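Working notes for the structure below.
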Amino acid sequence: AQSVTQPDIHITVSEGASLELRCNYSYGATPYLFWYVQSPGQGLQLLLKYFSGDTLVQGIKGFEAEFKRSQSSFNLRKPSVHWSDAAEYFCAVVDTNAGKSTFGDGTTLTVKP
Amino acid sequence: NAGVMQNPRHLVRRRGQEARLRCSPMKGHSHVYWYRQLPEEGLKFMVYLQKENIIDESGMPKERFSAEFPKEGPSILRIQQVVRGDSAAYFCASSDLVQTQYFGPGTRLLVL
């Protein structure tokens, strides 16, 4: 069965500092991987996705993620965090046969001024 | 192109009542997924539907919960005889193929 682990429940960074959110997955084949962001009381917004090809993918709002098959990881990065990035971030893997997504438990990002 | 729409955005029910949550997928999308998010938790898959078919309901509770996606109209998630533990945010997502899912704003159900 597929699974997603986000080891960091809560991360605090200073505005302007770099950010890396970790995501590890378990899936039998080549995974479809996603990062979503959720602001309080809102739905999920897609940041970026990986299906195949270049292992470094660019997303919206200056985010990028790197797929590393050997480490079963898909970590999200941003070189310089803005106060508006404070939110909860979810990593997900899609079962390409069944369609359903499995989500990690999320990482809450706090941005210090 | 409007995104995924869900209504109502907030729903309050008393224990024992029925809750009906609606989801209109993005135009051109024929795949609908329902997820539940309990407070302080991630999203848990409930059910995957295509028009008039339930494809995967492995995440649906065995009792009181049902879902449909009729030929015409929105997808409906129905919870009968709600209990306090049903209080959660329910998200619908849609896709055109089994790939990128786009999420609606969610329905926040509160059971008193």
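In the range B:52-84, what residues are surrounded by fewer than 13 Cβ atoms within 10 Å (Cβ to Cβ) and either in a strand (DSSP E or B) or within 14 Å of chain A (Cβ to nearest Cβ) (or both)?
B:Asn53, B:Ser58
What are the residues in the range A:74-113 that are within 14 Å of chain B (Cβ to nearest Cβ) and either in contact with a helix residue (DSSP H, G or I) (Cβ under 6 Å, 6 or more places away or on another chain) or in a loop (DSSP other than H, G, I, E, B) (or both), if any?
Matches in the range A:74-113: A:Asp95, A:Thr96, A:Asn97, A:Ala98, A:Gly99, A:Lys100, A:Gly104, A:Asp105, A:Gly106.
Closer than 18 Å to B:Leu49 by Cβ and more than 10 Å from the chain's Cα centre (by Cα): does that describe B:Phe103?
Details: closer than 18 Å to B:Leu49 by Cβ: yes; more than 10 Å from the chain's Cα centre (by Cα): yes.
When the stated conditions are applied, B:Phe103 passes them.
Of B:Ser87, B:Ser95, which residue is out of contact with any Lys or Arg (no Cβ under 6 Å at 6 or more places or on another chain), buried (at least 16 other Cβ atoms within 10 Å of the Cβ) and more than 22 Å from B:Val111 (Cβ to Cβ)? Don't jump to the end; show me each part of the working.
Working: B:Ser87 fails: more than 22 Å from B:Val111 (Cβ to Cβ).
The conditions single out B:Ser95.
Condition first: free of Cβ contacts under 8 Å to residues at least 60 places away in the same chain and among the aliphatic types (A, V, I, L, M). Now tell me which residues in the range A:6-44 satisfy that.
Residues satisfying the conditions are A:Val37, A:Leu44.
Just to be sure I understand, how many residues within the range A:77-113 are touching a residue at least 40 places away in the same chain (Cβ under 8 Å), under 22 Å from B:Gln101 (Cα atoms) and among the small types (Gly, Ala, Ser)?
5
Every read-out reported here was derived from the displayed coordinates using simple, explicitly stated rules and does not represent laboratory data. Everything numeric in this text was worked out from a predicted model, so none of it was measured. So basically every Cβ, Gly included, is an ideal-geometry build from the backbone, and we count neighbours across all protein chains shown.
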